[in-house]
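Single-structure report; data block below.
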Amino acid sequence: MYAQLVETGLKNVRSADEMSEEERAFQARIDDGVKIEPKDWMPDAYRKTLIRQVSQHAHSEIVGQLPEANWVTRAPTLERKAVLLAKIQDEAGHGLYLYSAAETLGVTRDQLLADLHSGKAKYSSIFNYPTLSWADMGAIGWLVDGSAIINQIPLCRCSYGPYARAMVRVCKEESFHARQGYDIMMSLCKGTPEQKQMAQDALNRWWWPSLMMFGPSDAASVNSAQSAQWRIKLFSNDELRQRMVDQTVPQAEYLGLTVPDPDLKWNEETGRYDFGAIDWEEFHNVLRGNGPCNRERLQTRKKAYDDGAWFRDALVAHADKKQTAQAAA
Ligand code: BYC
């Protein structure tokens, strides 16, 4: 049933006739809403798809800390600093749950991190944009975390148990993140004309990249049809993007800000907003590693990993020592 919700140009889904008996039984469990658990039999491609998506998601949480870290020392008040720090710490936690969920599929965290550091693995395009002003912390919480919630609430019901369960807590925390972002935008919009202009400038820069977070259009999405059949994806990229626009435009109006899209207009017939064309060339350019901050983000990640080597070594040494002591006792 859910496969029908995703309209893609590429119908590369196997029909029941093309499946082995094991695959048919697996698909029937998914269609019945049964969660797949790590020790259950699963098609190789299902496992690979999940490793790809869950690890990309984990990488996004970890790399997603970096644009905000830039503002910890410059937050305007002690309270804002504490809240921002807590948010960034939450993102590390999200990465942890997601790497753990990926590991249940039989891949090691070392391998996943090696793929991130070598540039082989993807992470969300959005984190390759710079954070130029304090208002960007507001725009990220409001738009980026807001988009993340829209994308991730359905994932709480996805077919793979460990991923679905990890998403429950992630979504709760993301909703706090989105509200803290909107709160920053409210303060700026109620402030001086210069502060309101900062908020408008941040909206101008983050609007289109936030819409790109949902991935390519349904017609261009290579993975959607299969992921929908397996209930990894419950709604299509375009449907979730549309939800984001419908939810966010009234919020921008409440702030007294203008969404930077001259083609944006309310459509009486559909009861939704029509919006302008996304610059897919920019999206693909960022995915190819040529966004404004791709190189800087990867370098920072690698350095953080290398700098943490002594700590990982210490943990292993401590565990070995404990094991030896226990064996002796
Ligand atoms: N950026 O066939 P498609 C957060 C790739 S964390 C980069 O539609 P799929 C937060 C896609 O991977 C937010 N790559 O793929 C954290 C695929 O490439 P491969 C992260 C993208 O998987 C900290 C190709 O394009 N959220 O919010 O069916 C602080 C074709 O796409 C992007 C998640 O990861 C992109 N934006 O659908 C604040 C959510 N979009 O792998 C906030 C979980 C697409 O075939 N992930 N690509 O080489 C998903 O829901 C899905 O993976 C996507 C893509 C909707 C993103």
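Coordinate-derived values only; no laboratory data. All values reported here derive from a predicted model rather than from experimental measurement. Please note: Cβ atoms are built from the backbone with ideal geometry, for glycine as well, and neighbour counts cover all protein chains shown.
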(request) Can you tell me the alpha carbon radius of gyration of the range 1-139 divided by the globular rule-of-thumb value 2.2 N^0.38 Å? (result) 1.37
(request) Give me the compactness ratio for the range 187-329, meaning the Cα radius of gyration over 2.2 N^0.38 Å. (result) 1.60
(message) Going by amide H atoms built from the backbone, whose H comes under 5 Å of the H on ILE36, apart from near neighbours?
(response) TYR160, GLY161
(message) Let me see the P(r) profile for the chain: every Cα-Cα distance counted, bins of 20 Å, each bin given as a percent of all pairs.
(response) 29, 55, 15, 1
(request) First check a/c for the range 7-87, with a ≥ b ≥ c the square roots of the eigenvalues of its C-alpha gyration tensor; if it is under 1.5, answer rounded, and if not, answer prolate when a/b is larger than b/c or oblate otherwise. (result) prolate
(request) Taking the Cα atoms of the range 264-316, report the difference between the largest and smallest coordinate on each principal axis, in whole Å and largest first. (result) 63, 24, 12
(message) Over the Cα atoms of the range 72-215, what radius of gyration and what Dmax do you get, in Å?
(response) 16.5, 54
(message) Can you show me the helix-derived [θ] at 222 nm for the chain, built from DSSP H runs with n ≥ 4 at -39,500 (n - 2.57) apiece and divided by the number of residues, rounded to the nearest 500.
(response) -19500 deg cm²/dmol
(message) Give me log10 I(q)/I(0) at q = 0.30, 0.34 Å⁻¹ for the range 209-251, Debye formula, one equal scatterer per alpha-carbon, no solvent.
(response) -1.05, -1.18
(message) Tell me which of SER187, SER210, MET198 sits at the most positive position along the dipole axis of the range 89-214, charges placed on C-beta atoms (Lys, Arg +1; Asp, Glu -1).
(response) SER210
(request) Go through the range 152-167 residue by residue and turn each phi into a ³J(HN,Hα) via Karplus (6.51, -1.76, 1.60, θ = phi - 60°); whole Hz please, and just put x for glycine and proline. (result) 9, 4, x, 5, 4, 10, 6, 6, 8, x, x, 5, 4, 5, 4, 5
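Which three semi-axes in whole Å describe the equivalent ellipsoid of the range 41-103, each the square root of 5 times a Cα gyration tensor eigenvalue, listed largest first?
33, 10, 5
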(message) If I take every Cα pair under 8 Å that is 6 or more residues apart in the chain, average their sequence separation and divide by the length, what percent do I get for the relative contact order?
(response) 24 percent
(message) Taking θ = phi - 60°, what integer Hz values does the Karplus form 6.51 cos²θ - 1.76 cosθ + 1.60 yield along the range 125-132, in sequence order, with x for Gly and Pro?
(response) 3, 4, 7, 9, 10, x, 9, 8
(message) Students often forget the sequence filter, so: which lysines lie under 30 Å Cα-Cα from LYS303 once same-chain residues fewer than 8 apart are removed?
(response) LYS48, LYS81, LYS87, LYS120, LYS122, LYS321, LYS322
(message) Residue by residue through the range 248-259, what is 3J(HN,Hα) from phi via Karplus (6.51 cos²θ - 1.76 cosθ + 1.60, θ = phi - 60°)? Round to whole Hz and write x for glycine and proline.
(response) 8, 4, x, 5, 5, 4, 4, 6, x, 9, 10, 5
(message) Just to confirm my numbers, what's the Cα centroid distance between the range 109-166 and the range 269-329 in Å?
(response) 10 Å
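How long are the semi-axes of the equivalent ellipsoid of the range 60-150, defined as square roots of 5 times the Cα gyration tensor eigenvalues? Whole Å, largest first. Write down the numbers at each step before the final one.
Working: eigenvalues 140, 38, 30 Å².
So the equivalent ellipsoid measures 26, 14, 12 Å along its semi-axes.
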